[in-house]
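The values are calculated or read from the model by the stated rules, or taken from the named source; none is laboratory data. Predicted model only: the values in this text are computed from it and were never measured. When we count neighbours, we look across all protein chains shown, and the Cβ atoms used for this are built from the backbone with ideal geometry, even at glycine.
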Amino acid sequence: MLAILLFYYFSDLLAKPNMESLLNYRPPATTIVYDENWEEIGGFAKENRIVIPLSEMGETVQKVFIAAEDKRFFAEEPEGNFCGLARSVVEKFHVSVDPCSLYRSVLRNIKEHRPAEGASTIPQQLAQIAVIQENDVEQNLVRQSLWRKKIRKAVIAYYIEKNLSKEQILELWLNHMYLGNGNFGVEAASLWYFQKSAKELTIPETAMLAGLIRSPSRSPFNEGMKEKAEKLRTRVLKQLLDEKIISNAEFSAFIKHPLPPAPPQENHRFPNSHILEYVRQQLKLRYDENEVWMGGLKIQLTINKYLQEFAETAVGEAIAEYHKRHPVSEEKTEKITGALVIMQVATGEIKAWVNSEDFEQDKFDRVYQAKRQPGSAFKAIVYTAAVKNGAKLDCNDEGEGKCKTQDVRTICLNMGKDKPKKCIQNYPYKNIPRYRGETELKIALWESRNAATVCLVTRCKLLNIKEVNELAKKMGISTALYDYPTTAIGASEVTLMDLTKAINIIANFGGKIEPYMIETIFDRNDKEIERYKPQEDEKILDESTALQMVRGLRGVVEYRHGTAYRANWKRLNPEFKCPAAGKTGTATNEKGQATDNWFIGFTPSYIFGGWMGFDKKLPLGEEETGGKNILPLFIKIMNEIYKDGSCEIFPENTDPFKPFSMKNKGPESTSQQESENEQFNESD
């Protein structure tokens with residue numbers, strides 16, 4: 001009767017498992033993100049796992065792990081060795097049990113009145129972690145019973161041995177085991193603990209990992225676990241000594257080998273940077289979440305890791321320079337923040353994407369989420385709209401359009417019923433008249449004159465603000481733009497990405513391109529599943545308008561009173577050695593205090609968008625402008641990009657000091673047109 005009851009109790013455990021799921025098993029794998037040169041940036045994983053074939057794990061990993069967990073896994077024991085003989089006999093029947101280990105385990109468990117030691121072979125461990133843990137039906141079968149689990153593991157291991165080769169079993173096991181700190185499999189663990197591939201591990205390093213199989217919580221990176229991690233490693237090294245894999249001298253040396261000092265800064269359990277979070281958001285639109293987090297994808301970005309790191313450092317230094325002038329104190333605790341983006345003009349490839357705040361502390365992305373007033377940087381769009389409407393920047397340019405505006409002392413605007421009038425004034429220039437009266441459009445743009453710009457859309461009647469806003473929307477501004485004249489001088493909020501993308505249309509001679517960061521995506525088997533396909537440029541501006549505006553924005557840099565003259569490549573002892581164009585911006589509050597600094601600048605190949613300000617829109621301080629805080633960032637980064645001296649030249653008809661004509665579009669002469677080294681302006 002007892003035998004019948006036992007058979008009834010355990011009979012369901014003898015059923016053949018569903019081997020299809022194991023034979024076609026794809027363990028969850030980490031999705032890795034790379035830069036344009038296949039330098040790793042980071043990744044995504046619920047389980048940090050990198051699946052690699054057995055051949056790429058190296059002999060050291062295989063020898064050490066087998067010695068630590070199942071020393072007779074591959075062994076062909078002589079007949080005189082009882083344990084080896086017993087194991088070989090049971091394996092002829094595909095029964096994955098080590099009789100000697102089982103005998104030793106049972107004795108210890110009985111002696112200590114607890115499950116003090118296991119006797120699982122590698123196939124049994126694989127049965128547990130790859131079948132029972134992954135299958136609700138199997139978990140229900142074992143019913144949280146230790147003995148039912150042991151029986152079921154043995155049965156599943158029998159079918160594993162029957163259907164898979166030793167090499168296949170070992171490969172699955174080494175890719176699946178948990179090794180502490182969220183790392184699964186030897187490759188992910190090796191990269192996490194030692195920053196090297198599994199095949200590069202030394203014996204003491206491998207022994208440390210092998211020791212974690214039984215006690216993954218005793219990782220040396222866990223508080224108070226260093227000594228216990230050393231004991232686990234010593235146990236494995238002792239097994240290697242007993243198996244004559246290492247000598248006594250090696251054992252003595254290996255136990256003194258230092259443990260890894262600290263975990264790496266990067267990990268894959270969550271996006272650890274604003275770039276990775278942006279990539280994750282993009283992937284979410286195309287793939288199932290499980291595929292992103294567990295599919296083992298390989299994603300190549302357009303980002304250049306070296307330039308990214310250089311730009312991150314440059315932003316940090318710019319913020320530090322600001323706080324030298326305005327220290328954080330007990331009374332003033334707010335810290336200024338900044339962001340920048342760098343793209344290729346013709347393709348939209350994003351090369352760097354920087355937020356000054358650490359992602360772990362602040363996940364808000366100021367490149368594409370923050371909406372801020374652009375100040376005079378928006379004038380690039382205003383003057384583009386004017387030229388598109390037939391105006392000329394220079395009265396000597398070809399054509400019959402208007403070429404002048406009125407730079408008056410004050411323009412007061414009605415802001416609506418029961419609201420006070422808004423009176424527009426120019427920045428208090430140091431070296432030139434505050435108001436010029438009748439002024440060519442190019443001078444109003446180069447010197448960033450507020451009153452003259454507002455006049456364009458009001459009493460001067462070159463265009464109206466609705467026409468400006470309509471063009472801005474076509475150029476890629478997605479935020480709300482108000483139909484008030486103050487929008488012309490940057491009163492409506494925009495994002496850094498939108499404004500950079502819009503001005504890139506000018507740099508790209510009228511063609512609108514969508515910025516992109518994801519270049520190619522491969523599956524876990526290195527099969528290409530997606531590649532970015534550039535779309536044909538949408539022509540937003542005719543070539544003549546775009547060329548005239550390149551000319552206008554070059555003047556902001558090359559004209560001696562231009563707001564970005566610091567970056568003039570033709571000055572004596574120039575800070576920046578390549579031709580550039582762009583527009584500075586400084587937004588102000590109702591009291592006229594600066595709150596936001598901008599510069600959007602470009603060379604023939606690269607466009608840069610940069611912003612700096614307080615999140616709470618606090619005043620930046622006296623004379624804190626885009627020309628003072630963001631322009632130096634542009635200079636520093638572009639000097640790095642062009643450090644080999646390979647500057648490109650703008651078309652000849654974009655020379656800001658010659659009348660514009662579509663007849664001459666060849667490469668510009670590099671002769672110096674202005675050698676004056678007068679003090680430049682640091683206005684908006």
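Each residue in the stretch 482-503 was checked for being part of a loop (DSSP other than H, G, I, E, B) and under 22 Å from residue 630 (Cβ atoms), and 5 pass.
So that you can scan it fast, the table gives a plain yes or no per residue for (1) of a type in the set (S, T, N, Q); (2) touching a residue at least 12 places away in the same chain (Cβ under 8 Å); (3) surrounded by fewer than 23 Cβ atoms within 10 Å (Cβ to Cβ):
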position: 430; (1), (2), (3): no, yes, yes
position: 453; (1), (2), (3): yes, yes, no
position: 459; (1), (2), (3): no, yes, yes
position: 468; (1), (2), (3): no, yes, no
position: 474; (1), (2), (3): no, yes, yes
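Listed by first and then second residue, the pairs linking a residue in the stretch 192-206 that is closer than 22 Å to residue 253 by Cβ and not assigned by TED's automatic domain parsing to the domain that holds residue 174 to a residue that is of a type in the set (S, T, N, Q) and outside any helix (DSSP H, G or I), with Cβ atoms under 6 Å apart and 6 or more places separating them unless they lie on different chains, form an empty list. Of the candidates 345, 328, 387, the single residue that is under 26 Å from the mean Cα position of the chain (by Cα) and in the same structural domain as residue 461 (by TED's automatic domain parsing) is 345. Within the stretch 153-164, the presence of a residue that is surrounded by 22 or more Cβ atoms within 10 Å (Cβ to Cβ) and within 18 Å of residue 49 (Cα to Cα) is excluded.
Filtering the stretch 214-258 to residues that are acidic (Asp, Glu), within 16 Å of residue 67 (Cβ to Cβ) and assigned to a loop (DSSP other than H, G, I, E, B) leaves only 243.
Among the residues of the stretch 586-603, those that are of a type outside the set (S, T, N, Q) and either under 16 Å from residue 341 (Cα atoms) or modelled with pLDDT under 90 (or both) comprise 590, 591, 592, 598, 599, 600, 601, 602. Please indicate, with yes or no, whether at least one residue in the stretch 424-434 is aromatic (Phe, Trp, Tyr) and in contact with a Ser or Thr (Cβ under 8 Å, 6 or more places away or on another chain). Within the stretch 424-434, one or more residues are aromatic (Phe, Trp, Tyr) and in contact with a Ser or Thr (Cβ under 8 Å, 6 or more places away or on another chain).
Only a single item in (1) surrounded by fewer than 20 Cβ atoms within 10 Å (Cβ to Cβ); (2) closer than 19 Å to residue 466 by Cβ; (3) touching a residue at least 24 places away in the same chain (Cβ under 8 Å) is not met by residue 482, and it is number (3). When the helices (runs of 4 or more DSSP H) confined to the stretch 125-192 are screened for residues that are at pLDDT 70 or above and not polar (S, T, N, Q), those reaching at least 2 such residues are found at 146-163, 166-176. The conditions of being part of a loop (DSSP other than H, G, I, E, B) and surrounded by fewer than 18 Cβ atoms within 10 Å (Cβ to Cβ) are met by residue 331.
Screening the stretch 643-684 for residues that are out of contact with any Asp or Glu (no Cβ under 9 Å at 6 or more places or on another chain) and modelled with pLDDT of 60 or more and picking the one that is surrounded by the most Cβ atoms within 10 Å (Cβ to Cβ) gives 684.
Filter the stretch 308-328 for residues that are touching a Lys or Arg at 6+ places or on another chain (Cβ under 9 Å) and of a type in the set (Val, Ile, Thr); which is surrounded by the most Cβ atoms within 10 Å (Cβ to Cβ)? Only one residue fits best here, namely 319. In the stretch 459-478 there is at least one residue matching the filter, namely being within 23 Å of residue 364 (Cβ to Cβ), among the aliphatic types (A, V, I, L, M), out of contact with any Gly (no Cβ under 7 Å at 6 or more places or on another chain) and in a loop (DSSP other than H, G, I, E, B). Could you list all residues from the stretch 225-250 that are touching a Lys or Arg at 6+ places or on another chain (Cβ under 9 Å) and closer than 15 Å to residue 60 by Cα? Once the filter is applied, which keeps residues that are touching a Lys or Arg at 6+ places or on another chain (Cβ under 9 Å) and closer than 15 Å to residue 60 by Cα, the stretch 225-250 yields 239, 240, 243, 245. For the stretch 591-621, the set of residues classified as under 30 Å from residue 650 (Cα atoms) and in a loop (DSSP other than H, G, I, E, B) consists of 603, 604, 605, listed by residue number. When restricted to residues that are under 17 Å from residue 274 (Cα atoms), surrounded by fewer than 24 Cβ atoms within 10 Å (Cβ to Cβ) and touching a Lys or Arg at 6+ places or on another chain (Cβ under 8 Å), the stretch 29-44 contains 4. Cβ-Cβ contacts under 7 Å between residues 6 or more apart (or on different chains), taken from a first residue in the stretch 67-79 that is in the same structural domain as residue 235 (by TED's automatic domain parsing) to a second residue that is surrounded by fewer than 20 Cβ atoms within 10 Å (Cβ to Cβ) and at pLDDT below 75, are listed as 72/84; 75/84; 77/84; 77/85; 77/88; 78/84; 79/85.
Taking the criterion of being assigned to a loop (DSSP other than H, G, I, E, B) and loosely packed, with under 13 Cβ neighbours inside 10 Å, the residues of the stretch 519-541 that qualify are 525, 526, 527, 533, 534, 535, 536.
Going by the structure shown, is residue 272 closer than 29 Å to residue 303 by Cα, surrounded by fewer than 23 Cβ atoms within 10 Å (Cβ to Cβ) and modelled with pLDDT under 90? Judged against the criteria, residue 272 is a match. Here residue 506 fulfils each of the conditions (1) under 31 Å from the mean Cα position of the chain (by Cα); (2) assigned to a helix (DSSP H, G or I); (3) surrounded by fewer than 18 Cβ atoms within 10 Å (Cβ to Cβ) apart from (3). Being of a type in the set (Gly, Ala, Ser), over 25 Å from residue 610 (Cα atoms) and out of contact with any strand residue (DSSP E or B) (no Cβ under 6 Å at 6 or more places or on another chain) is a condition met by no residue of the stretch 336-358.
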